[in-house]
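Engineer: Mind having a look at this structure? Questions to follow.
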Amino acid sequence: MENEKILLVTGASSDVGMALIRRIGGNYKKIWAHYRSESEAFKELQKELGDKLVPVRADFSDLESTSGLIDKIQSSGDVPDHVVHLPAGKANNLQFHKHSWEDFQTEADVSLRSITMILQAFLPKMAKKKYGKVVFMLTAYTLGVPPKYQSSYVTVKYALLGLMKSLASEYAAKGITVNGVSPEMMDTKFLSDLPDLIREQAAAANPLGRNLTACDVVPSFVYLLSDESGAMTGQNLGITGGLR
């Protein structure tokens, strides 16, 4: 019998989002797939999954757009049991003093405000059912010394880490697990604005001799969304290839 669970993936049009949905789509009755920009690859994913996958557009840098996504899901009555949160601004390489406050604000709006609003809407409903799973995409930069010139990105990821741990503590007794996955640099479109040299240096520094791929990272999300991870909460899983 088809699983009755409902999944929300924010940033579903990302490389990790699409790889994850392909891997676990059969586990869910319905998948809300948030996107900001619709690529041909994302359209193909919609064709593959058919009516099970419901694309919902929102620009998380815009408060009204974020609220609209929440309202659409709530009004449908199909509130998610599982939430995977992936969005972040594209990686940059900029000295701290050259960042404007707006850079930090936008990063916070896209990554932190969005999931705060979403979980404030849906966690109480999960708590009533005594069941739910939430997984944040974090970064290996929260596991040790981060690289230079990534101040806005790293700052907001640490804020997400704090939110994850706080929610894990608050909701553990309500049957809800909240965890994070922290990969090293991945060769995805997220890095498209970085110079090739930085990507090459990261690959050379990793004991694997390469940067990670979405396929390296997705299995950790799969585990944290599975029933087998029921006693695991408040954890930040490092996927580093042995680098950290």
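The values are calculated or read from the model by the stated rules, or taken from the named source; none is laboratory data. Keep in mind that what you see is a predicted model, and the values were worked out from it rather than measured. Because the Cβ atoms are built from the backbone with ideal geometry, glycine has one as well, and the counts that use them run over all protein chains shown. Heads up: the accessible areas ignore ligands, DNA and RNA and are worked out on the full protein's heavy atoms, side chains in. Shrake-Rupley method; radii C 1.70, N 1.55, O 1.52, S 1.80 Å.
Engineer: Please give the solvent-accessible surface of residue 227 in Å², to the nearest 10, using a probe radius of 1.4 Å with every protein chain present.
Structural biologist: Using a 1.4 Å probe on the heavy atoms, I get roughly 110 Å².
Engineer: In addition: Can you give me the long-range amide H partners of residue 30? Hydrogens built in the peptide plane at 1.01 Å from N, cutoff under 5 Å, separation of 5 or more residues or another chain.
Structural biologist: 7
Engineer: Let me check something: with ligands and nucleic acids excluded, how do 233, 240 order by accessible area (1.4 Å probe), largest to smallest?
Structural biologist: Values: 233 40, 240 15 Å².
Reading off the accessible areas and sorting them downward yields 233, 240.
Engineer: Then there's this: From the protein chains alone at 1.4 Å, what is the descending order of accessible area for 164, 117, largest first?
Structural biologist: Working: 164 0, 117 40 Å².
The residues order as 117, 164, largest area first.
Engineer: Further question on the same structure: Name the shape class, rounded, prolate or oblate, that the alpha-carbon gyration tensor gives for the stretch 92-204, where a ≥ b ≥ c are the square roots of its eigenvalues, rounded holds for a/c under 1.5, and otherwise prolate holds if a/b is larger than b/c and oblate otherwise.
Structural biologist: On the way: a/c = 2.67, a/b = 1.94, b/c = 1.38.
Note, shape of the stretch 92-204 comes out prolate.
Engineer: Enter the accessible area per residue of the stretch 109-166 (Å², integer; probe 1.4 Å; all protein chains in place).
Structural biologist: Details: 2280 Å² over 58 residues.
Computed with neighbouring chains in place, this is 39 Å² per residue.
Engineer: Which one, 25, 209, 234, has the greatest fluctuation when you compute a Gaussian network model over the chain with C-alpha springs under 10 angstrom?
Structural biologist: Highest fluctuation of the listed residues: 209.
Engineer: Moving on. Per residue, how large is the accessible surface of the stretch 20-101? Use a 1.4 angstrom probe and give square angstrom.
Structural biologist: 51
Engineer: Which order do you get for 71, 103 if you rank them by accessible area with a 1.4 Å probe, largest at the top? Let's see the in-between values first.
Structural biologist: On the way: 71 90, 103 55 Å².
Reading off the accessible areas and sorting them downward yields 71, 103.
Engineer: Which of the helices in the chain, when you take each full DSSP H run, stretch at least 18 Å along the axis at their Cα atoms and have an average Kyte-Doolittle score of 0.0 or higher?
Structural biologist: Values: long enough: 63-76 (20 Å, -0.15); 114-129 (23 Å, 0.53); 151-171 (30 Å, 0.46).
Passing helices, by number: 114-129, 151-171.
Engineer: Using protein chains only and a probe of 1.4 angstrom, how many square angstrom of residue 216 are accessible, to the nearest 10?
Structural biologist: Counting only protein heavy atoms, the figure is 50 Å².
Engineer: Ignoring ligands, DNA and RNA, what percent of the accessible area of the chain is carbon or sulfur (1.4 Å)? Each step should come with its number before you reach the end.
Structural biologist: Details: 5950 of 11230 Å².
Percent of accessible area from carbon and sulfur atoms in the chain: 53.
Engineer: Here is a follow-up. Rolling a 1.4 angstrom probe over the protein heavy atoms, how many square angstrom per residue are accessible across the stretch 180-244?
Structural biologist: Details: 3130 Å² over 65 residues.
Per residue, the stretch 180-244 has an accessible area of 48 Å².
Engineer: Let a ≥ b ≥ c be the square roots of the eigenvalues of the Cα gyration tensor of the chain; is it rounded (a/c under 1.5), or, if not, prolate (a/b larger than b/c) or oblate? Write down the numbers at each step before the final one.
Structural biologist: Working: a/c = 1.44, a/b = 1.42, b/c = 1.01.
In terms of gyration-tensor shape, rounded.
Engineer: Springs between alpha-carbon pairs under 10 angstrom, Gaussian network model over the chain: which of 54, 79, 110 fluctuates most?
Structural biologist: Most flexible of the set in this elastic network: 54.
Engineer: To continue, here is another question. At 7 Å along the Cα-to-beta-carbon direction for both residue 97 and residue 148, put a label point, then send me their distance in nm to one decimal.
Structural biologist: That separation, rounded to one decimal, is 1.3 nm.
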